[in-house]
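**Student:** Dumping the structure here so I can ask a few things about it.
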Amino acid sequence: MTKTDNDKADLYLAYQVAVSQETQWNAYGMGGGFRWGGMASATSSTIHVGTLVLDMYDPATKQLVWTGNATKTLDPSSNQEKNQKNLNKAMQKLLKNYPPKQK
C-alpha cells in the first residue's frame, strides 16, 4: 500500500482510537482458605487500555471491505518510546490477517 492524497485512491482507511480506564484487582491469600479461616487481602489499581480500530473501504461502492482492531494496556506515564514500540507491535498483530485469505 502507498499513501496518497489523490481522490481516486484504491482504498480508503479510517481509524478510531479510544483509551479507557479499568480497575485491576489483585488478590492474595494464605492459609486454609476462606472456608477454614486463613488470611486474604485484595488491592486494586487503575490500568489504561487503548483500543485502535482500523476500517478499509472500497471508494467506488463506499462499502466496508475489511476491519480489524487491536487492544493494548498502556502506561501514559511510561517512556513514550516504549509506548510507541507497543503500538507498533499491536499494529503488526492487527495487520497480520490482512489481506484476507481467499476461501
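**Student:** Rounding to the nearest 20 debye, state how big the charge dipole of the chain is about its Cα centre with +1 on each Lys and Arg Cβ and -1 on each Asp and Glu Cβ. Provide the component values of the computation, followed by the final result.
**Tutor:** On the way: 12 positive and 8 negative charges, 90 e Å.
Roughly 440 debye for the chain.
**Student:** Further, regarding this structure: Give me the aspartates and glutamates in straight-line cross-link reach of K89: C-alpha distance below 20 Å, same-chain residues under 8 apart excluded.
**Tutor:** Answer for K89, where 20 Å is the Cα cut-off: D55, D75, E81, listed by chain and number.
**Student:** Next question. When a footprinting reagent is the concern and you count Cβ atoms within 10 Å, what order do W25, W66 take, fewest first?
**Tutor:** Working: W25 8, W66 16.
Least to most surrounded, the residues fall as W25, W66.
**Student:** Mean residue ellipticity at 222 nm from the helices of the chain, using -39,500 (n - 2.57) per DSSP H segment of n ≥ 4 over the full residue count, to the nearest 500 deg cm²/dmol? Write out the running numbers ahead of the final one.
**Tutor:** Values: 1 runs with 16 residues, N = 103.
Helix contribution divided over all residues of the chain: -5000 deg cm²/dmol.
**Student:** If the reach is capped at under 14 angstrom between alpha carbons, list the aspartates and glutamates near K62, excluding any in the same chain fewer than eight residues apart.
**Tutor:** In chain and number order, the partners are D7, D10.
**Student:** Under a point spin-label approximation (7 Å from Cα along Cα-to-Cβ), what is the K96-V53 distance to one decimal in nm?
**Tutor:** With each label point 7 Å from Cα toward Cβ, the separation is 2.2 nm.
**Student:** Just to confirm the number: angle between the C-alpha axis of helix 80-95 and the first principal axis of the chain, 0 to 90 degrees, nearest 10?
**Tutor:** The two axes meet at around 60 degrees.
**Student:** On a full-extension model of 0.36 nm per residue, what is the gain between K82 and N69, subtracting their alpha-carbon distance, rounded to one decimal in nm?
**Tutor:** Details: separation 13, 0.36 × 13 = 4.68 nm, distance 2.02 nm.
The span from K82 to N69 would gain 2.7 nm if fully extended.
Where a number appears in this text, it was derived from the coordinates with a stated rule and is not lab data. Since we're looking at a predicted model, the values are computed, not measured. No Cβ is skipped: glycine too gets one built from the backbone with ideal geometry, and neighbour counts run over all protein chains shown.
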